[in-house]
1. Every residue in the stretch 323-355 that is modelled with pLDDT of 95 or more and within 18 Å of residue 122 (Cβ to Cβ), please.
2. Could you pull out the residue among 546, 490 that is farther than 23 Å from residue 461 by Cβ and assigned to a helix (DSSP H, G or I)?
3. Does the stretch 222-255 hold any residues that are within 30 Å of residue 533 (Cα to Cα) and either assigned to a helix (DSSP H, G or I) or within 15 Å of the ligand (Cβ to nearest atom) (or both), and which are they?
4. Of all residues being within 9 Å of residue 648 (Cβ to Cβ) and not hydrophobic (A, V, I, L, M, F, W, C) in the stretch 603-621, which is surrounded by the most Cβ atoms within 10 Å (Cβ to Cβ)? Just the residue, please.
5. In the stretch 568-585, what count of residues is obtained for those that are within 11 Å of residue 482 (Cβ to Cβ) and over 32 Å from the mean Cα position of the chain (by Cα)?
6. With the requirement that a residue be among the hydroxyl-bearing types (Ser, Thr, Tyr) and within 17 Å of residue 513 (Cα to Cα), what does the stretch 627-680 give you?
7. Which residue pairs have Cβ atoms under 7 Å apart, sit 6 or more places apart or on different chains, and have a first residue in the stretch 279-303 that is within 15 Å of the ligand (Cβ to nearest atom) and in a strand (DSSP E or B) and a second that is among the basic types (Lys, Arg) and at pLDDT below 95?
8. From the list 5, 78, 12, 45, exactly one residue is farther than 30 Å from residue 253 by Cβ, in contact with a helix residue (DSSP H, G or I) (Cβ under 6 Å, 6 or more places away or on another chain), modelled with pLDDT under 70 and charged (D, E, K, R). Which is it?
Amino acid sequence: MNKSDTKVVANDGMSQARERIEALRRQLRQADYDYYVKSMPTLSDFEYDALMRELQQLEKEHPECFDADSPTMRVGSDLSTGFRQEAHHYPMLSLGNTYSEAEVQDFFNRTAKLLHDDFEIVCELKFDGTSISLTYEHGRLVKALTRGDGQKGDNVTANVRTIRSIPLQLPDGPWPDFFEMRGEVLMPWEVFELLNREREEQEEALFANPRNAASGTLKQLNPKVVASRKLDAYLYYLLGDKLPSDGHYENMQAARSWGFHVSDAMRKCRTLDEVMDFIHYWDTARRNLPFATDGIVLKVNSLRQQEELGYTAKSPRWAIAYKFQAERACTCLRSVSFQVGRQGTVTPVANLDPVQLSGTVVKRATLHNADFMKQLDLHLGDMVYVEKGGEIIPKIVGVDLDARINRPIEKIVFVDVCPECGTPLVREDGEAAWYCPNMDACPPQIEGRIEHFVSRKAMAIEGIGEEIVHLLCSKGMLHDISDIYRLKADELALLEGLGMKSAEKLMQSIAASRGVPYERVLFALGIRYVGETTAKKLAEAFPTIDALMDASLEQLSAVDEIGERIARSVVEWFSDAAHLAIVEALRAEGLQMASNAEKVLRGDVFAGMGIVISGVFNHHTRDEYKAMIEAYGGKNVASVSAKTSFILAGENMGPSKLEKAQALGVRIVDEETFLSMLPSEQANEQPSEQANEQPSEELQPTQPTQPKQAVQASEQPVMGSLFDGFE
Ligand code: IVH
């Protein structure tokens, strides 16, 4: 083969790769569109992931094929983006609002009077998120601006590019060469609830509603965080010189055909009755939507007529927003409880006479914090207004002062000592929340920390939930997190409601947690402000706990995304002798205290064994199982051979592995059996009598614990925690 032949072959290979890359991008774009815009998935997650991985690999091998619009770029980059302010090509106006049907009628009549001609009104949902303006040039998204002050907005293009329902590149046209698409970025309820649950676990400020969560997320400096938050977007208005039609409705149908996420909930109406029907229908039906809406927008359909009607200083005369009444009830305030969270935050919760609200009975509602309570000037027996509005958590929004007349009243004041341990409360500068500083002896803080330690995302110790933690603490068997490793099966089995079987299972789960990686141990320690992501960042920057303990405020703050607040909290935590003692106790118990730590050998049950891991697991991740195998002397091997000792098989084990295992007669071990192979020091002792009486696998507490309480919601995120048992 001469030189030129080589080049031909190389070029050939390159063009093949390019073709494949293009094909994969097309396929993934289509799949994104089917999933995020049409809500009709055409690929399984598995197929999608496989194509994405292939594309990522090919793009890595062929940097010359780089394309910023590639589906692989949707995951966001870690680069921080400060926001540049840029002028809007067309100003972003707001809409006139009304809560009254009479004013909708006025709008309709006024429009008829001003136009002297037939007209159509397009009714559509008013999405409750944050508005966005997208500029497309030659079918490519080139810019995304927030509303800002209406004249100029923040350039949030890098963040918007991670939203999968927003097309980066339009499929074939015909679309105008230049146009702007206006719409609303939303956080679906499901994503919002999950996000707040995660934040609650961290006692981080909760987002009051999906709107705040969406706008907060869009203003995140790290597009990777934005990508992880799973925002969605609906587009509702097209602007440009060469639009397909004079009709807004028709333009939106065209935009849908170009790949934009345009709602089906749109109706062209000719009469006021039709408009009202639409409003009444969606006032109820919106409760079944997966995202928040706060009203109906009415727009004159013809763009020519829109122009004719023109604008006031702030808003168009051709459109109006009818806002739904927030669902509100009035009930009597019986008392206020003060709930102490894991980090000591004290949240006031109103206890109410049960009242029906949006189909559920509400007995408690948040009062947010001391400042809010003071603003309301609450008194016992007050008639208070409760709203659910855009939030999932009821909140007190006001007091009926008239109902207070001629009644003896007692003012409610915020506590100044911890309701659980009596320690005087403190508040940090600039923070709304008061907290109990007695972190080492305040019972709900101790229990909260233990609950956090064993939780799924931390040490994933199964069979020890809120009730069991409460029971063990009240019996004096747990004082801090390290005591978990000193629990004994026979002692546990003696507890009322626990049998030997449950106790042994718990012991196995505790033993297995020794394999949990360092970054999750760090998260599990419950250091204030150190959530899952921060723990990962810290573990990357300080690969051993000793390095982290020794780190100065400056060294910590120098780490990407670790601000001074977190750095200070870490330094403070490690400067407490009691915490150092806990770390040492955990280290002695064999917990992972370093990334890629030299493996601490816990035992030899798997000594000399080669074990294959295959399938999907319920109790632990693959990495954890790998760590467990290594901690007990075994080796995790990749492929099945005659030498394989056994296969640890989860669900959906690969068919080829299964076939091979059967052919070679290799034993298949399921998750539960594997966990039962791990020694727990007490597991072999005699079961107690109680164990025989209580064969139940469920761990039953002797006494119910306090329901988890306290909630929060307001315009600004504030501290608090959600509680179940609301209804
Ligand atoms: S049209 C000039 N349509 O409501 C008219 N706005 O003040 C531009 N919104 O924050 C707005 N759903 O982001 C329009 N279907 C819809 C909408 C909608 C939500 C938001 C918009 C703005 C506010 C109006």
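1. Hits for the stretch 323-355: nothing passes.
2. Exactly one of 546, 490 is farther than 23 Å from residue 461 by Cβ and assigned to a helix (DSSP H, G or I), namely 546.
3. Across the stretch 222-255, the qualifying residues are 223, 224, 225, 226, 227, 228, 231, 232, 233, 234.
4. Across the stretch 603-621, the extreme among qualifying residues is 614.
5. So the answer is 4.
6. 632, 673, 676, 680
7. Matching pairs, first to second residue: 293/286; 294/323; 295/323.
8. Answer to the check: 78.
The values are calculated or read from the model by the stated rules, or taken from the named source; none is laboratory data. The structure presented is a predicted model; accordingly, all values stated were derived computationally and were not measured. Note: ideal-geometry Cβ built from the backbone for every residue, glycine included; neighbour counts use all protein chains shown.
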